[in-house]
Amino acid sequence: MASKSETFRKHKSVSYAKWGYIFITPFFLTYCIFSLIPLVSTFYNSFFENYRVGLEQIGPKFIGFENYLEVFRQGDIIKYFYNTVFIWLVGFIPQIIISLLLAVLFTDLSLKLRTSVFKSIIYMPNLIMASAFSMLFFALFSDNGPVNNMLVSMGMKEGYRFFANVGSTRGLIALMNFLMWFGNTTILLMAGIMGIDTSIIESAQMDGASSPRIFRKITLPLIRPILVYVLITSMIGGIQMFDVPQILTNGKGNPDRTSMTLIMYLNKHLYSKNFGMAGAVSVLLFIITAILSGCVFLMVYRGKIGTGGLKK
Amino acid sequence: MSADFMNASAKTSVIIKRVLAYVFLIILIFICLFPFYILMINSTRSHPDIQKGFSFLPGRSLIFNIRNLMSNDQLPVVRGILNSLFISSCVAVLSTYFSGMTAFGIHAYRFRLRKAAYLFILLIMMVPTQVSALGFIRLMSDFKLMDTFIPLIIPSIAAPIVVFFMKQYMESSLPVEIVEASRIDGANEFYTFNRIVIPILKPAIAVQAIFSFVSSWNNYFLPALIIESPRRKTLPILIAQLRSADFLKFDLGQVYMLIAISIFPVMIVYFFLSKFIVRGVALGSVKG
């Protein structure tokens, strides 16, 4: 390429354009082979009857939208969708409230809190292996586990059977999701709050506005893009909820499939090689996540999210 | 700034607020760390000790539990650790190197599809891998790659979120002039990328390598569908296997030990690098 140096001008010469293509080729080649083709193939498979009964292979036979109709006819997907959304919400609502509170506390310089240690600790669970974390909770809250031991020694007659009750099982999954994500959310919201021009807040203080009022009328509206971003990415993450409930309930979604999530349902079909149904479920999940991803894309594209959390 | 106006009552109210904030924070930290504290204690206690009830003090069976777990025929734990380490290291290297390359291609060159390529990467950034898992598995079995590490490693060459982060970083710290200067010195484009751009990207690469490593180390969904033979299993698969075995008949000392092995190494490394990582999260703003 050194031979092209005679064409060197102030602006980059056209001849370098091909290097752009060369540098991005590995990415796009890999993406096509390992993501795009599989995605197309997933759509394709969803139109075929293709499963196994014992040793007998049924299909593949083209049946149009029959798999989709079957998914809704069985009705399980509605139940699992509800489970997923319910568990996500129970984790997300305290998460956003506590994260907002922490972000405000951490960015309030008059309090002089030692934030870095706390930030480090609350972010830590985000990096923990979800399946190990879930296994840990299963051991801790099992019928003879440490938590029940403590409850008994504190005077309860007999332990509480956490995994035999709908509320406590869902609650524990939500608690784990909360613990794993509130640190991350706090850091994002902090970045948003620190991006606010301090002179706005100072002048509001001069005018005698109280701090709750400043929070409601200035901080909250200004970090709205980041709040929306957190909400949507958390929804996308919520739809992908798998490791925690899968390990906690051993893939069964006990009690009575009330903690079975959408991806656990997909996993069940994939595992039993019921490819038609798995395809239909995948496509439905793709549509939901694609809509949500589209929202994130628009936010990033319009420059609302980027370096420093918030762009002006 | 309001020191002049600050009278005694305002000062007390700040102190009360500080105390309340610390109480709140300490409660949260307690909830965050308590499960890991019990994990630490119980991984040092033997099965009969654990069954007797909970204790706040560590036991003496740490070495005993490690030895039992390592020699357990049902759970190839040593293999599991090595497999997880190998896969995660490869993923960290490939995803950061090629994401840097992709971001550099888009950042430094002007070509016709430049904008379209970047928009495409932004568009697919959030699409979860699970939705194409069916096609992925079928393709891998057509390629005869089931039950190998390749499907767990090679796809990480295309990591849209890492590309996005690298691109963000380049916009703030890689002026195109550096590339032009290197050209004038007669360097070829690959040389420029490897010897000049990569060193500049080091901080971003370090953060993203950690995230890629950790997310591969923790990954359960795909490996569980791809890997079958015991000697290729990774740690999350072993944990799932432990869960599906009859839990109560199992040696609880070993159960806690395996969880501890999966969690504590990441935790220890994290606490050494936490400031760095937390800053990375705030800067990147987007994380999968």
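The values are calculated or read from the model by the stated rules, or taken from the named source; none is laboratory data. Everything numeric here is computed off the predicted structure, so don't read it as measured data. So basically every Cβ, Gly included, is an ideal-geometry build from the backbone, and we count neighbours across all protein chains shown.
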Quiz prompt | Considering residues of segment A:105-138 that are among the aliphatic types (A, V, I, L, M) and surrounded by fewer than 22 Cβ atoms within 10 Å (Cβ to Cβ) only, the residue farthest from B:TYR37 (Cα to Cα) | solution = A:LEU109
Quiz item: If you go through segment B:50-67 one residue at a time, how many are surrounded by 15 or more Cβ atoms within 10 Å (Cβ to Cβ) and without any contact (Cβ under 8 Å) to a residue 40 or more places away in the chain?
Solution: 4
Quiz item: Of the residues that make up segment B:211-223, is at least one more than 8 Å from every other protein chain (Cβ to nearest Cβ), buried (at least 22 other Cβ atoms within 10 Å of the Cβ) and under 24 Å from A:PHE118 (Cβ atoms)?
Solution: yes
Quiz prompt | Among the candidates A:PRO38, A:PRO26, A:PRO60, residue that is over 24 Å from B:ILE124 (Cα atoms) and within 13 Å of chain B (Cβ to nearest Cβ) | solution = A:PRO60
Practice problem: Within segment A:122-144, identify whether any single residue is touching a Cys at 6+ places or on another chain (Cβ under 9 Å) and either farther than 24 Å from B:LEU235 by Cβ or more than 11 Å from every other protein chain (Cβ to nearest Cβ) (or both), and answer yes or no. | Solution: yes
Quiz item: Could you count how many residues in segment A:192-207 are among the small types (Gly, Ala, Ser), surrounded by fewer than 24 Cβ atoms within 10 Å (Cβ to Cβ) and under 27 Å from A:SER234 (Cβ atoms)?
Solution: 1
Practice problem: Mind telling me which of the residues B:ILE31, B:ILE41 ends up being part of a helix (DSSP H, G or I), at pLDDT 90 or above, within 10 Å of chain A (Cβ to nearest Cβ) and touching a Pro at 6+ places or on another chain (Cβ under 6 Å)? | Solution: B:ILE41
Practice problem: Report yes if some residue within segment A:228-240 is more than 8 Å from chain B (Cβ to nearest Cβ), in contact with a Cys (Cβ under 6 Å, 6 or more places away or on another chain), among the aliphatic types (A, V, I, L, M) and part of a helix (DSSP H, G or I); otherwise report no. | Solution: yes
Quiz prompt | Enumeration of residues in segment B:127-140 that are facing another protein chain (nearest Cβ under 7 Å) and touching a residue at least 40 places away in the same chain (Cβ under 8 Å) | solution = B:GLN130, B:ALA133, B:PHE136, B:ILE137
Exercise. Within segment A:243-266, count every residue that is touching a residue at least 12 places away in the same chain (Cβ under 8 Å), surrounded by fewer than 23 Cβ atoms within 10 Å (Cβ to Cβ) and either touching a Leu at 6+ places or on another chain (Cβ under 8 Å) or facing chain B (nearest Cβ under 8 Å) (or both).
Key: 1
Self-check item: Selection from segment A:180-226 of residues that are more than 13 Å from chain B (Cβ to nearest Cβ), part of a helix (DSSP H, G or I) and of a type in the set (Val, Ile, Thr)
Solution: A:ILE200, A:ILE214, A:ILE218, A:THR219
Quiz item: Given the residues B:MET146, B:MET170, B:MET166, which is the only one that is crowded, with 22+ Cβ neighbours inside 10 Å, at pLDDT 90 or above and more than 10 Å from chain A (Cβ to nearest Cβ)?
Solution: B:MET166
